[in-house]
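Report on one structure; see the data block that follows.
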Amino acid sequence: MRVMICGVDGYLGWPLSIYLAKRGHEVGGIDNYMRRAWVGEMGSQSAIPIAKMAERLLAYRENVGRNLRFYKGDLADYNFVLNAYKSFRPEAIVYLGEMPSAPYSMIDVHHAVFTQTNNLIGTLVTLYAMREAVPECQLVKLGTMGEYGTPNVDIPEGFFEIEYRGRKDRMMFPRKAGSWYHQSKVHDTNNVEMACRLWGLCSTDIMQGVVYGTRIDEMGEDTDLKTRFDFDQCFGTAINRFCAQAVIGLPLTPYGKGQQRRGFLPLCDSMQCLTLAIENPPRPGEYRTFNQFEEVYNITELARKIQSVGNKFGLDVEILPLENPRIEQEEHYYNPDHQHLFDLGYKPTHDMERELEIMFRDLIPHRERIESRKEAQFPDIRWDGTRRRSKYL
Ligand code: USQ
């Protein structure tokens, strides 16, 4: 299959390009390196050094045995995107090209506006370019479990049956996002669903949980094929941040009561799930939702797991709750469904401990790189609009 990855230079996009090519797919990619710039703006860098795109492409050809067709440009530029789709003629588009950080979107009005314009316009442009250039192509759109938020009821996969005043319908399950970033994904979901309903496009909207990990087996040992690993307050997600903190001797920092529950999955399973969606496309005109995560944990449970694996590596790991910079529920009900991917054959890794060991092995050699950007991991972006460093509780 010809698969175009929008956001191919990112944490998920780059390994996905390798994973798909090794399964025999022809891969194209679009990027303009924004993620590198955002992390730089946060005063940070990837803990694991990543190669420039030109070097990545050379290593890709050597290791994978074929070229990645790379298109450098802005996903919000309609003519550029249309030409890229016309030239590559994708049968599947995986849309990962968004600003993915909740804290970054909450910095100020400029970052909120940027997040929503970048994410919404990019998706809208792709929907129009698909309709014009490749209407039969399927869209695999990366959403987030955070679209649902943490409602006090079970969370279905996208849709639910509603009965009101004696009449029934199947409707999109209500969303309750907790940041401008998560809200941008809610708006995307509405736009993608409508494009399928009105224009007959087809899409899988992936509500993905928090991804962690440093590698997938398919990358091998070539340093030019490594994917990025962020640990700053914006682009480092909870588990990845905690591992980096452990490596440089900083306490792990559950925010507030630390009982926030989220769905998590390792990088290799994220690749597996995205590929299952690509290889089992929806019907023409179909819009479907997959909730994509493996296990639900609260943040303190996670910190304890990381502490115990860190101890095995001789690290002295402390857990110190931090005043929560976010406005969120710190204790709540959380019970999302996630059956659709299992129906397609998803086989979860299920072994967080093994994954954490791999992460420590990959990160310890880069201790100095993490240490040199230590300041960037202390959160000071607050949901109430002020900028002040959180204190340990
Ligand atoms: N948290 C801590 N301590 C930390 C960092 C985070 O307690 O040092 C807490 C947060 O307050 C939050 C939870 O951990 O309750 C998850 O935070 P996160 O930064 O790992 O994840 P989040 O901001 O929700 O966003 C990440 C990705 C995003 C993706 C989302 C999936 O950045 O792109 O959409 O995970 S989900 O969380 O399921 O919405």
Limited to region 209-235, what total is found for residues that are near the ligand (Cβ under 8 Å from one of its atoms), open to solvent by less than 20 Å² (accessible area, probe 1.4 Å), in contact with a Lys or Arg (Cβ under 9 Å, 6 or more places away or on another chain) and not small (Gly, Ala, Ser)?
-> 2
Quick one: would you say VAL247 is within 30 Å of GLU323 (Cα to Cα), open to solvent by 10 Å² or more (accessible area, probe 1.4 Å) and among the aliphatic types (A, V, I, L, M)?
-> no
Going through region 94-109 in order, the residues found to be of a type in the set (Ser, Thr, Tyr) and more than 10 Å from the ligand (Cβ to nearest atom) are TYR95
Subset of region 298-321 that is within 14 Å of the ligand (Cβ to nearest atom) and more than 15 Å from ILE239 (Cβ to Cβ) - its residue that is surrounded by the most Cβ atoms within 10 Å (Cβ to Cβ) | PRO321
Taking region 251-260 and the residues there that are assigned to a loop (DSSP other than H, G, I, E, B) and surrounded by 20 or more Cβ atoms within 10 Å (Cβ to Cβ), the one that is farthest from the ligand (Cβ to nearest atom) would be GLY258
Given (1) in contact (Cβ under 8 Å) with a residue 60 or more places away in the chain; (2) open to solvent by 10 Å² or more (accessible area, probe 1.4 Å); (3) small (Gly, Ala, Ser); (4) within 14 Å of the ligand (Cβ to nearest atom), where does GLY143 come up short, assuming only one miss?
-> (2)
Among the numbered conditions (1) over 21 Å from the mean Cα position of the chain (by Cα); (2) closer than 19 Å to LYS374 by Cβ; (3) within 7 Å of the ligand (Cβ to nearest atom), tell me where ALA238 comes up short.
-> (1)
Residue list for region 322-331, filter: open to solvent by less than 50 Å² (accessible area, probe 1.4 Å) and within 10 Å of the ligand (Cβ to nearest atom) | LEU322, ASN324, PRO325, GLU330
Just one of the numbered conditions (1) of a type outside the set (Lys, Arg); (2) open to solvent by 30 Å² or more (accessible area, probe 1.4 Å); (3) away from the ligand (no atom under 15 Å from the Cβ) is not true of HIS338; which one?
-> (3)
Could you check, for region 188-208, whether at least one of its residues is among the polar types (S, T, N, Q), under 24 Å from ASP269 (Cβ atoms), in contact (Cβ under 8 Å) with a residue 60 or more places away in the chain and within 12 Å of the ligand (Cβ to nearest atom)?
-> yes
Region 71-106, subset in contact (Cβ under 8 Å) with a residue 60 or more places away in the chain and surrounded by fewer than 19 Cβ atoms within 10 Å (Cβ to Cβ), residue nearest to the chain's Cα centre (by Cα) = GLU91
Evaluation of PHE293 against (1) buried (at least 21 other Cβ atoms within 10 Å of the Cβ); (2) of a type outside the set (Gly, Ala, Ser); (3) near the ligand (Cβ under 10 Å from one of its atoms); (4) under 22 Å from ALA376 (Cα atoms) (one fails), failing number = (4)
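Would you tally the residues in region 241-250 being within 13 Å of the ligand (Cβ to nearest atom), part of a loop (DSSP other than H, G, I, E, B) and not hydrophobic (A, V, I, L, M, F, W, C)?
Residues that pass the stated criteria total 0.
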Please determine, by comparing only the residues of region 358-386 that are without any contact (Cβ under 8 Å) to a residue 60 or more places away in the chain and within 23 Å of GLY258 (Cα to Cα), which one is most open to solvent (accessible area, probe 1.4 Å).
-> ASP384
In this structure, is ILE50 within 12 Å of ASP9 (Cβ to Cβ), in a loop (DSSP other than H, G, I, E, B) and of a type outside the set (Gly, Ala, Ser)?
-> yes
If you check GLY285, GLY263, which single one turns out to be in a loop (DSSP other than H, G, I, E, B) and either touching a Pro at 6+ places or on another chain (Cβ under 8 Å) or more than 16 Å from the ligand (Cβ to nearest atom) (or both)?
-> GLY285
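The values are calculated or read from the model by the stated rules, or taken from the named source; none is laboratory data. Every value quoted in this text rests on a predicted model; they were computed, and no experiment measured them. Cβ sites come from the backbone with ideal geometry, for glycine too, and all protein chains shown count toward neighbours. For the accessible areas, the whole protein counts, side chains as well, though only heavy atoms, and no ligand, DNA or RNA atoms are used. Shrake-Rupley method; radii C 1.70, N 1.55, O 1.52, S 1.80 Å.
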